[in-house]
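Notes for the one structure printed next.
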Amino acid sequence: MVSTLVFALITAGRISADPATRYDAFMKSHPSFVATVEASLNGHVVGTGVTRVSRPARMRFDFTGSGIDYILSSTELGFIELDRVEKEYDEHPSTGGLRLFESRLSDATGFFPTFLLPPSLKSLLGTQKPTVTPVSGGDELMVVIASPMGSTELRLVVDPEGRPAKFSSKGQSGLHSWRLLSFKPSSPDLSLFKVELPLGYVPFALPELPFPLQVGEEAPLTGWKRAGKPFDLGEPQRGKARLLAVLGSDCPASRAVRPSLAELAKSMPVLTIAPGEIVDPSGTLMKKLSPPGTPMFYLVGPDEKVTNLWFGFDATKAAEWTAQVKAAAKGK
C-alpha cells in the first residue's frame, strides 16, 4: 500500500503516478550504485548477488549460492571473471559499455540482474506499451516479447519512488526472478571495481599440473609485470643466482617468511611473485611454475635453470632455511 507521504508527494507532482516515468527518473538519478539482489529459478532461491554499476562502462557482480562463488568485473580496461569454487579465471579486452556476455566460466551470469543495467524502461522492456497492474509495493509492468525462439514474458515491479523492486523473465529456460534487497548510491571510483587474480588460479581450459617446475628445467623469467609494466625476473643483477618466491596474500607462512626474504635480498636477487607485486597477466607463466601451494621457492641459476626447490616455511627454523638458500646460491 502506498504510504501517506508518498501519496502526498504524488499528489503534489513531486513523484509521478506513471511507473515508467518514475523508473526512468530513478535510474537517471543513480548513474553509480550498489544493489543486493536475491535470485530465484522456478520459484526456488538460488543465491544472492551484489551488483555494482557505474555508467557508462563499469560493473562488478559478486554472486554466491548453490555451489557458486563467482566474481565478474568489467571496466574500460577489460573484464575478468573468477570462479572461486574451481579456482579458475577468464579475462578479455573491454567489450565497451555495459553489456552482459555469455560466460565460458560459470553459470552465474544466468542470475545477473540485467534489469539494473538499462538506463530507461524502453531499453529494458522494448517499445511496446506494457500492461500496468497495481500490486503490493508498487506497480507491475508486463510485456510479452515474441521471437523465433518463442515468447518471453517480462514483469517489472516499480515501487512508489521508481526503484525496480522485482523483476522476472519467463520463457523457454524457465522462470528467472529477482528481488531487490537493497539499493544505495555509490562512488564511480575505479578501485571499487578492481579484482586481483589470486595465486594458484588457472586460466580457463588450462589444467593445473600435478607437480611444480622441476630442477634442471628452465624458469620463465620474461613476460611478468610489476606496477603495470613489463618486468624481467632475470634482469636484476643478471648473472647471479636468484630466488623466486611465490607467496599468497592470505597465507600465514607467506607472511612469516618475509623477514627471511629481506635478509636474503642483501646478498642475492629475491623476486616476490604475489598480488600487488610481481604478477602474471596471462596465467601461462604461473602454469609453468605450477606451485602446489604457497609459499613456494625456486632457486634459479645464472643459466636460468632451476637448481633447488623449497615448499612451505617453518618460522622456528628461519635461520636454518636462510643458510640453506645462501649455500645453494653459492653452489654448495
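Every number here is computed from the coordinates shown, using simple stated rules; none is lab data. Remember, it's a predicted structure, so these values are computed and weren't measured experimentally. All Cβ positions, glycine included, derive from the backbone under ideal geometry; neighbour counts span all protein chains shown.
Taking all Cα-Cα distances within region 4-193, those exceeding 25 Å account for 38%.
Most fluctuating residue of GLY67, GLY138, GLY150 in a GNM of the chain with Cα springs under 10 Å: which is it? Of the options given, GLY150 has the highest mean-square fluctuation. The calculated FRET efficiency for the pair SER66 and LEU192, based on their C-beta separation and a Förster distance of 30 Å, comes to about 0.70.
For the chain, what does the helix formula give at 222 nm: sum of -39500 (n - 2.57) over DSSP H segments with n ≥ 4, over the residue count, nearest 500 deg cm²/dmol?
Value at 222 nm, helices only, nearest 500: -4000 deg cm²/dmol.
Maximal additional length on extending the HIS44-LEU181 stretch stands at 47.7 nm, based on 0.36 nm per residue less the C-alpha distance.
Percent of Cα pairs in the chain per distance bin of 10 Å, from zero to the largest separation: 5, 21, 24, 17, 13, 10, 7, 2, 0. Largest GNM mean-square fluctuation across LEU121, LEU289, LEU77, computed for the chain with C-alpha springs under 10 Å, falls on LEU77. When the chain is treated as a Gaussian network with alpha carbon springs shorter than 10 Å, the biggest mean-square fluctuation among LYS287, LYS122, LYS317 belongs to LYS317.
Extension gain, SER282 to SER120: 0.36 nm times the residue separation minus the Cα-Cα distance gives 54.6 nm.
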